[in-house]
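Asks: My structure is below; once you've seen it, I'll send some questions.
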Amino acid sequence: MLRCIFTTRQLYPREVVLDATCIALLSFCTLVAAQTVEPTTSRTLAPHATATTRHSEALTVPTGSGTSVNMQITLGTWRLDTSKTQIEIPPQGDYIAELRGGAVVTSIAGNQVSRKSGDIWSVKAGQAMTVSITGKKQHGALLHVFTLLPQ
């Protein structure tokens, strides 16, 4: 049983530590209880590519001209299978991708770039991206993707 006692009397060092620990624990429990867990959804992005949505939220984003734009913001994971060494990702809206695992060459708007784990790049709305798996013993590639779609 967790017992926190808060008093107005002067506390000894041990009581201060216990009270601070109780406050931190109660705060953490309150934050965890307040969070809602979203179910993840998966879809086929392209042949040999699966997209899993980890979080999605509609936001109103202010613009520089004093107006605002409604956006759907999505954080997801794309898993690319090596059974095919070149995967064509159709246009997905504006997005930022981070290669989390593997070595690939991307082709976006005719520009080919070699990428390694940890590299981050952006793709504009309307652009397709071709991903070529380059690692000899590589079983796939993993991308974290942050997508912005106007509503």
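Asks: Filter segment 84-100 for residues that are surrounded by 17 or more Cβ atoms within 10 Å (Cβ to Cβ) and either in a loop (DSSP other than H, G, I, E, B) or touching a His at 6+ places or on another chain (Cβ under 9 Å) (or both) and give the result. Break it down stepwise before answering.
Replies: First, pick out the residues of segment 84-100 that are surrounded by 17 or more Cβ atoms within 10 Å (Cβ to Cβ): 87, 89, 92, 94-95, 97, 99.
Within segment 84-100, Ile87, Gln92, Ala97, Leu99 meet the criteria.
Asks: I've got another one for you. Checking Gln112 against (1) at pLDDT 90 or above; (2) closer than 30 Å to Leu59 by Cβ; (3) of a type outside the set (A, V, I, L, M), which test does it fail?
Replies: Gln112 satisfies all of (1) at pLDDT 90 or above; (2) closer than 30 Å to Leu59 by Cβ; (3) of a type outside the set (A, V, I, L, M) except (2).
Asks: For segment 131-151, how many residues are part of a strand (DSSP E or B) and surrounded by fewer than 15 Cβ atoms within 10 Å (Cβ to Cβ)?
Replies: Step one: list which residues in segment 131-151 are part of a strand (DSSP E or B), which gives 131-133, 140-150.
From the residues that got through so far, the ones that are surrounded by fewer than 15 Cβ atoms within 10 Å (Cβ to Cβ) too are 142, 150.
Total meeting the criteria: 2.
Asks: Sort out which residues of segment 109-126 are farther than 17 Å from Ala141 by Cα and surrounded by 15 or more Cβ atoms within 10 Å (Cβ to Cβ), and write them in order of number.
Replies: Residue satisfying the conditions is Val123 alone.
Asks: Moving to a separate point now. Identify, by number, the condition in (1) surrounded by 11 or more Cβ atoms within 10 Å (Cβ to Cβ); (2) over 20 Å from the mean Cα position of the chain (by Cα) that Trp78 doesn't meet.
Replies: (2)
The values are calculated or read from the model by the stated rules, or taken from the named source; none is laboratory data. None of the values given here were measured: they were computed from a predicted structure. Using ideal geometry, Cβ is built from the backbone for each residue, glycine included, and neighbour counts are taken over all protein chains shown.
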